[in-house]
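Here is the structure we will look at.
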Amino acid sequence: MLTKVFQGFWTKTSRIILRNRILILIGIAVITVFLALQWKNMRFSNSQANLLPDDHSVNIAYQSFLKQFGEEGNAVVLAIKDSALFSPIQFNRWNKLSKQLSAFPEVDAVLSTDNLKELKKDNDKQEFVLEPFLKSTATTQKEVDSIIQYLFEKLPFYDNLLFNKESGTIRTVIYLDKDIVNTSVRKDFILKDLANLVENFENETGLDVRVSGMPYIRTMNSQNIIDEIGKFILAALGVTSLIFFFFFRSFRATIISMCIVIIGVMWAFGILGLLEYEITVLTALIPPLIIVIGIPNCIFLINKYQQEVKKHGNQALSLQRVISKLGNATLMTNVTTASGFATFIITDSKLLTEFGIVASLNIIGIFILSLLVIPIIYSFMPLPKTKHLKHLNKKWVDGFVNWMENIVRNKKIAVYITSVLLLVLSIIGIYQINVSGSPIEDMPKNAEFFKDIRFFEEEFDGIMPLEIVVDTKKEKGVLKPITLKKMNELGEIIEGIPELSKPISVVNLVKYSKQAFYNGIPKYYQLPTTQENNFIMDVARKSSENSNLLESFVDSTGQTARITTYIKDVKTDRMEEIENRLQENIDKIFPSEQYTVFMTGKALLFLKGTKYLVKNLVLSLALAIGLIALFMAYLFRSFRMIIISLIPNLLPLLVTAGVMGFVGVPIKPSTILVFSIAFGISVDDTIHFLAKYRQELTENKWHIEKSVYNALRETGVSMFYTSIVLFFGFSVFITSNFGGTVALGSLVAATLLFAMLANLILLPSLLLSLEKSIANKQVLKKPQIDILPKKEVTISNKKN
């Protein structure tokens, strides 16, 4: 029953399309205009991508931290490493820059040499007070030298916060309003106001100002993504159109194909706006991906049309056969490609889910556009001229097909040995792959802001915050001597880890209070002894200034405290070692019955997110393979055919993974996408080949060898064309400034090229070797969906 229903489906579809040409074109125009109107809803992401689901324990802990202490990544830092700064004119200009920054409503506070406060003891009132560090403007070199010497030698509280004593680097910390950190207001302030102030300062002084901090890095990174979208779209259009024209030597065919993919890009942006998804580093790749994936549809359909025209010259019959013969195969290939992207939806990561939804919808959209527009547009045009069909007889194309046929016919053993060797080498390489959980690894290495990241890592031991939250389970338990002592002990361990910066916590403030109690003598910058603790803390409790300072380190109840450190950009293995070492010491220092202590922060969140992502994307790849295996089972009803169809597509993935291991490309959020994307696309060639092979089996009365070679000759050219387009199309991503995008483009391109060879050489070889036993036993059954309709229009020998 099902066979009868589907038998004439594509023949009927072709008639509907060709009889309602104007109506369909109007419908496409209406949809395009509607989606173009949705562009106004598009917006670029202003928040850092969270790879973990909302209900993940690490995410819950991070949200708990934010609720208690607010946004942690709200500091922008400026620094100068130049002794020329320490002249009266330059030093005063540096302080003026701090005043200018303080005036902006987007800035919550500025900590610099200009407004630095010194904690002192008021002997009359018996309390601590904060006095300005600079009493007046320095006018002489001697005054500046004295100020800097005093800062470096007398105020250890600010060491590694405002200065690096060893290198002489001075920095200013700008704390942005926490409410604007994840909004477009932050971007406008950094790109316009901050950039202008820094530029003016540099022009006036000739000093090089280094700028960093998570808000600044995120803003500059996002701007790079925005700048690259247009570049990728133009590059993808340029490369694919040139290759398309080189193959077909037809301006008409090239322009039609370019119009289809441009409409596809308009739909992609429209769907992003319609669903109100943010444009992220992943969704920004969808428009050029649609171009690269859409062009192969055009190649198969136009190539088939020209082949039919060459056979009999009947335009109506040619257009009908384009839809009826290729409709099912093209639908299957696009569904499998969309499935490769759709598997990201199950990852529970908002970033990947949105990417999977939009990409899969647009892949189906570009298929529908191609299937409708190409036959309709060609129906209004005259038949292709002889020169437009010459590419079908190119000697080099015939040479390529003959080369493949010769290998399949005469060198099957060599093909199998080569495949096994590649498999063994790939497995060896896979064991050498590392996982990377660094949020800055993929950032553009040549960008100024990336060089500034490295500068701050060298001078101040990193810019990625790592937080340790200590819950004493008692109100005002943080300031108890035993808790302070334990936090100080943990702080010393943190300080002993070279990749971590000096920790900042309430312990530093208590040490500063003791120093102030002893009239600012630096050697007293330490925790009070048991005897000192009562009267020093008594003075501290009377001081309103101390209460204001405590807000940054302790919650309002005095029960929970934070220890903040910053971590350098380190490899995942080292990051995990640091995490384990800290956790081991936390468990040892803080008894679980008295304290609840956990680690959080952007650096840890990204590490855990990467590991979670890798685990889920492996599952999504397995799902994609399972779905396609089921699809092959439905089509061919043979376990051996499932194996035969999967081997040429899994081997390229394993080879790519092996290459990653040998050349040192780690598994990370960007590179893990390679496998699902490449598998979803590469299986298209398998479907096209097997679909044609199935047609040939029917026509040749199940003669396997003849069917294989006929299928190889007819589909080989189109598969070669599409694979070359895909190879160069994905190669445009190599022009990116982002390491992850470069890796994604190059790895997918290489995988698809190898997949083409596997599908054109290994797949036919396997069919010839393994299908004979199936045919002999008559296991191969008729599929539920016929690729070729049984009844066709009788072709007249007369030319129209």
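The values are calculated or read from the model by the stated rules, or taken from the named source; none is laboratory data. Predicted model, so just to flag it, every value in this text is computed and none were measured. Neighbour counts run over all protein chains shown; Cβ positions are idealised from the backbone, glycine included. For the accessible areas, the whole protein counts, side chains as well, though only heavy atoms, and no ligand, DNA or RNA atoms are used. Shrake-Rupley method; radii C 1.70, N 1.55, O 1.52, S 1.80 Å.
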Euclidean distance of C-alpha centroids, the range 314-345 and the range 258-276, integer Å:
20 Å
Full extension from N534 to E699: what is 0.36 nm times the residue separation minus their Cα-Cα distance, to one decimal in nm?
49.6 nm
Whole-Hz Karplus ³J(HN,Hα) for the range 37-44, in order, using 6.51 cos²θ - 1.76 cosθ + 1.60 and θ = phi - 60°, x for Gly and Pro?
5, 7, 4, 5, 8, 5, 8, 8
Taking Cα centroids, how far is the range 647-721 from the range 482-531 in Å?
63 Å
Give me a comma-separated list of calculated 3J(HN,Hα) values for the range 242-253, in order, Karplus coefficients 6.51, -1.76, 1.60 applied at θ = phi - 60°, integers in Hz, x for any Gly or Pro.
5, 5, 4, 5, 4, 6, 9, 6, 9, 5, 4, 5
Of A36, A75, P88, farthest towards positive along the dipole that unit charges on Lys, Arg, Asp, Glu beta carbons give the range 31-105:
P88
Do you know the relative contact order of the range 664-734, to the nearest whole percent, from alpha carbon pairs under 8 angstrom that are 6+ apart?
22 percent
Everything considered on the Cα gyration tensor (a ≥ b ≥ c; rounded for a/c under 1.5, else prolate if a/b is larger than b/c, else oblate), the range 47-129 must be described as oblate
Run the dipole for the range 187-295 about the Cα centre, Lys and Arg Cβ at +1, Asp and Glu Cβ at -1, nothing else charged, and hand back the magnitude in debye, nearest 20.
700 debye
So for the chain, taking the charge dipole from beta-carbon charges (+1 Lys/Arg, -1 Asp/Glu), which of L766, L134, S64 sits furthest toward the positive end?
L766
Can you list residues from other chains, or at least 5 along the same chain, whose modelled amide H is less than 5 Å from the amide H of V435?
I667
What residue among I363, S638, V614 has its Cα farthest toward the positive end of the dipole of the chain, where the charges are +1 on Lys, Arg and -1 on Asp, Glu, each on the Cβ?
S638
Table column - 3J(HN,Hα) (Hz), the range 194-201, Karplus curve with 6.51, -1.76, 1.60, x for Gly and Pro
5, 4, 5, 5, 5, 4, 5, 4
The summed charge of the D452 Cβ neighbourhood (under 11 Å; Lys/Arg +1, Asp/Glu -1) stands at -2
So what is the relative contact order of the chain, in percent, for Cα pairs below 8 Å that sit 6 or more residues apart?
20 percent
Taking H as built 1.01 Å from N, whose amide H comes closer than 5 Å to the amide H of K502, not counting residues under 5 places away?
none
Between F44 and residues 5 or more places away or on another chain, the pairs with built amide H atoms under 5 Å apart involve I279
Cα shape, the range 257-297, gyration tensor, a/c 1.5 rule:
oblate
Heavy-atom accessible area per residue of the chain, all protein chains kept, 1.4 Å probe, expressed in Å², is 43 Å²
Using the crude model of +1 on Lys and Arg Cβ and -1 on Asp and Glu Cβ, and no other charge, please compute the dipole size for the chain relative to its Cα centre, in debye to 20.
5220 debye
Work out the FRET efficiency for N585 and I364 from their Cβ-Cβ distance, taking R0 = 51 Å, and round it to the nearest 0.05.
0.45
Rounded to the nearest Å, what's the spacing between the alpha carbon centres of the range 422-471 and the range 182-204? Just the number, please.
27 Å
Per its Cα gyration tensor (rounded if a/c is under 1.5, else prolate when a/b beats b/c, else oblate), the range 309-360 is best filed as prolate
Put F679, F9 in order of accessible area, largest first, probe 1.4 Å, and you get F9, F679
Among (1) 1.30; (2) 1.19; (3) 1.13, which is the computed Cα Rg over 2.2 N^0.38 Å?
(2)
Go ahead and run the numbers for FRET between D159 and M381, Cβ-Cβ distance against an R0 of 56 Å, rounding to 0.05.
0.15
Carbon and sulfur: what percent of the range 95-171's accessible surface (1.4 Å probe)?
47 percent
